1. For the range 82-181, which trypsin sites (Lys or Arg not before Pro) are both in a DSSP coil and crowded by at most 10 other Cβ atoms within 10 Å?
2. Check I42: other-chain or 5+ apart residues with amide H under 5 Å from its amide H, H built from backbone geometry?
3. What is the mean projected area of the alpha carbon convex hull for the range 103-198, to one decimal in square nanometres?
4. Which loop-located GluC sites (Glu not before Pro) does the range 108-199 contain, where loop means any DSSP state but H, G, I, E or B and the Cβ has at most 16 other Cβ atoms within 10 Å?
5. Apply the Karplus curve 6.51 cos²θ - 1.76 cosθ + 1.60, θ = phi - 60°, to the phi angles in the range 31-46 and return the couplings in whole Hz, x for Gly and Pro.
Amino acid sequence: MFSAVAVTLAVAACGTADVAQDGARDGAAADSPGCAQEVLPIELDPAFTPYDRRLTRSLAVGEPVLHPIDPADGKAEAAWASMVEGDTVTLVYGGDRSVREPWQVLRSGGYLVSEWPGTPGHSLARALADDQAAAGELPQVALVPVGQYDAAVSWADPDAHGQREHNVIWTSADGTDHRVSGLQPPEELVAIARSQVCG
């Protein structure tokens, strides 16, 4: 599951409770740029490939199942549902609690916080940002600080439901990869990620 991670997000804009993450304060100074809740504007390349013009599509059938979280079980008190896909564990925050599919959560204003085993010493964010835009072009992936980590901010192509989500992805010191996903502006998702890492 979420290993020894306790998640409680404090993001007033999303109306969630507070988050504390294992290793969250592992070297990130509260007054560092990576912990600032005021996030500078992030501009990403607006180009995308429409879903029906992609050469490859997911073979997965249907959406993963959301499992409601019982607040009494002590899991991330602000999360109301979870789902597991292979090694990836995702907690669901905000949005319409009556929906049953992740894309509906995003459409109703919620967001997803995921983690999965990565490779210690390898930054997934840096790997994603390796192909930088040419001078004068907007990047497809922007690097921003989240705590003491580099985080990659990307704007996905629209999915089968016509939704184009932003993602903030980083690797923590223990090699765990993390992602915050939603239809919110990227700056808002970076603030959520910083709340996780910085408390």
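1. Numbers: sites: R97, R100, R107, R126, R164, R179; in loops: R97, R100, R164.
The qualifying sites: there are none.
2. E187
3. About 6.6 nm², averaged over all directions.
4. Those that pass, being in a loop and sparsely packed, are E137.
5. Karplus values, whole Hz, x for Gly and Pro: 9, 6, x, x, 10, 5, 7, 8, 9, 5, x, 10, 10, 10, 4, x.
The numbers here are math on the coordinates, done by the rules we state, and not lab data. Just so we're clear, the structure is a prediction, and the values are computed from it rather than from any experiment. So basically every Cβ, Gly included, is an ideal-geometry build from the backbone, and we count neighbours across all protein chains shown.
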